[in-house]
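Student: Take this structure first; my questions come after.
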Amino acid sequence: MMDEPGPLASFPRGGVAVVFGAGGGIGSALVSALETTGSFRQVVGYGRASSPPVDLLDEASIEHAACAAATLGELRCIIDATGFLHDDRQAPEKSLSQIDPQAMARAFAINATGPALLMKHMLGRLPRTGKCVFASLSARVGSIGDNRLGGWYAYRASKAALNQIIRTSAIELARRAPQAICVAVHPGTVDTALSAPFAAAGLNKHAPPQAAAHILRLLDRLTAADTGGFFDWRGQAVPW
Ligand SMILES: NC(=O)c1ccc[n+]([C@@H]2O[C@H](COP(=O)([O-])OP(=O)(O)OC[C@H]3O[C@@H](n4cnc5c(N)ncnc54)[C@H](OP(=O)(O)O)[C@@H]3O)[C@@H](O)[C@H]2O)c1
């Protein structure tokens, strides 16, 4: 598939697109791809280094950015590209014996509670009519039905929690904005800092611009009937 997403014809013209996690591998590619489409009057990227900064562990920073974004125009496309798998303090568990309560709480704070706070402050600001999307980057390994390999307890469980929060928020959102769409998206395996230590050689890894184009093409195809769903980058439903 091509790297250029093309115009997102299904979105009403003149809206605003917002990316959270804009400093990340996929998030920064999404900002560039959204700008390339020319489908939005403004594309805003928020992250811990943006102005204003957004830290998922600081609700006030989320509320502040949500207010700032809403002043720019109609929020038509919001993508949460934040997420956490490993850093120099913690790595995914290979077995139960490696479970650490603090590490687990941290994964949940960033992968589940953080996006829940984004939804808390952003979904009520979506327009009541016309297509608008809130998409959160989840991961296929968060699928309970698709779990064949085990391991990665904190990441898997926090992404499963994220999926439930997406589904629950979609139900609430539909009552106020019936054409709005709230989904979880598996971006595929993408060549970023998050996947670098783990993606097996030979695995079909996408470059971030390719992944961004896939995600935007998916969002363009989604309709209100898809809200509350969990989709991979090809548009196929992922089992919960
Ligand atoms: N790469 C893959 O193969 C793959 C596969 C499946 C799912 N995903 C999902 O795709 C999403 C993006 O991943 P990526 O590969 O682009 O990883 P990445 O390059 O490591 O980016 C992660 C992003 O999360 C942000 N983040 C982490 N902790 C945060 C916090 N406390 N507050 C605010 N932002 C925070 C980072 O912000 P800073 O820039 O401020 O550090 C960064 O923008 C994640 O949800 C990941 O689980 C990725």
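The values are calculated or read from the model by the stated rules, or taken from the named source; none is laboratory data. What you see is a predicted model; the values in this text were computed from it and never measured. Cβ atoms come from the backbone with ideal geometry, glycine included; neighbour counts cover every protein chain shown. Just so you know, the surface numbers come from the protein's heavy atoms only, side chains and all, with ligands and any DNA or RNA stripped out. Shrake-Rupley method; radii C 1.70, N 1.55, O 1.52, S 1.80 Å.
Student: With unit charges on the beta carbons (Lys and Arg positive, Asp and Glu negative) and the dipole taken about the Cα centre of the chain, which residue among 155, 54, 77 sits farthest to the positive side?
Tutor: It is 77, whose Cα lies furthest towards the positive end.
Student: Net charge around residue 176, counting only other residues with Cβ within less than 12 Å of its Cβ (Lys, Arg = +1; Asp, Glu = -1)?
Tutor: +2
Student: A further question on this structure: In a GNM of the chain with a 10 Å cut-off on Cα contacts, which of 82, 227, 71 has the highest mean-square fluctuation?
Tutor: 71
Student: Pairs on different chains or at least eight residues apart, Cα atoms closer than 26 Å: how many lysine pairs in the stretch 15-232 fit? Could you put the intermediate results ahead of the total?
Tutor: On the way: 94/159; 94/205; 120/131; 120/159; 131/159; 159/205.
Taking the Cα cut-off of 26 Å, the pair count is 6.
Student: Mean separation of Cα pairs under 8 Å and 6+ residues apart, divided by the residue count of the stretch 150-240: what relative contact order is that in percent?
Tutor: Here the relative contact order equals 35 percent.
Student: Next question. Based on the inverse mean of 1/r over its pairs of different Cα atoms, what is the Kirkwood hydrodynamic radius of the stretch 1-116, in Å?
Tutor: Computed over the stretch 1-116, the radius equals 15.7 Å.
Student: Can you give the relative contact order of the stretch 8-83 as a percent, counting alpha carbon pairs under 8 Å and 6+ residues apart?
Tutor: Relative contact order for the stretch 8-83 comes out at 42 percent.
Student: Also, I was wondering about something else. Tell me, what is the per residue accessible area of the stretch 15-232 in Å², probe radius 1.4 Å?
Tutor: Numbers: 9360 Å² over 218 residues.
Per-residue value: 43 Å².
Student: Nothing charged except the Cβ atoms of Lys and Arg (+1) and of Asp and Glu (-1): what's the magnitude of the dipole of the chain about its Cα centre? Round to the nearest 20 debye.
Tutor: Numbers: 22 positive and 19 negative charges, 123 e Å.
Magnitude of the dipole: close to 580 debye.
Student: Computed over the Cα atoms of the stretch 98-195, what is the convex hull's projected area averaged over all directions, in nm²?
Tutor: Across all orientations, the stretch 98-195 yields a mean hull projection of 7.2 nm².
Student: Follow-up. Considering Cα pairs under 8 angstrom that are at least six residues apart, work out the relative contact order of the chain and quote it in whole percent.
Tutor: RCO, the chain: 23 percent.
Student: Per DSSP H run of at least 4 residues, take -39500 (n - 2.57); add these up for the chain, divide by its residues and hand me the 222 nm value, nearest 500 deg cm²/dmol.
Tutor: Value at 222 nm, helices only: -10500 deg cm²/dmol.
Student: Please report the carbon-and-sulfur percent of the accessible area for the chain; probe 1.4 Å, protein heavy atoms only, DNA, RNA and ligands left out.
Tutor: Carbon-and-sulfur percentage of accessible area, whole number: 55.
Student: Connecting C-alpha atoms closer than 10 Å in a GNM of the chain, tell me which of 161, 196, 135 has the biggest fluctuation.
Tutor: 196
Student: Taking the Cα atoms of the chain alone, what are Rg (to one decimal) and Dmax (as a whole number) in Å?
Tutor: My reading of the Cα-based Rg and Dmax gives 16.7, 52 Å.
Student: Still on this structure: What does the charge add up to near residue 213, with Lys and Arg as +1, Asp and Glu as -1, over the other residues with Cβ less than 12 Å from its Cβ?
Tutor: Summing Lys/Arg as +1 and Asp/Glu as -1 gives -2.
Student: If you don't mind, there's one more thing I want to ask. Taking +1 at the Cβ of each Lys and Arg and -1 at the Cβ of each Asp and Glu, which of 6, 130, 169 sits farthest along the dipole of the chain towards its positive end, judged by Cα position relative to the Cα centre?
Tutor: 130
Student: Shifting gears a bit: Report the charge-dipole magnitude of the stretch 56-179 in Debye, nearest 20, computed about the Cα centre from +1 at each Lys and Arg Cβ and -1 at each Asp and Glu Cβ.
Tutor: Charge dipole of the stretch 56-179: 540 debye, to the nearest 20.
Student: So for each of 178-185, 60-67 I average, over its residues, the number of other beta carbons within 10 Å; can you give me the resulting order with the highest mean first?
Tutor: Ranking, from highest mean packing down: 178-185, 60-67.
Student: Can you compute the modelled spin-label distance between residue 125 and residue 13, with each label point 7 Å from Cα toward Cβ, in nm?
Tutor: 2.5 nm
Student: Counting Lys +1, Arg +1, Asp -1, Glu -1, what net charge surrounds residue 90 among other residues with beta carbon under 11 Å of its beta carbon?
Tutor: Its environment carries a net charge of -2.
Student: If packing is taken as the average count of other Cβ atoms within 10 Å, what order do 108-116, 123-131, 34-42 fall into, highest mean first?
Tutor: Ranking the peptides 108-116, 123-131, 34-42 by packing returns 108-116, 34-42, 123-131.
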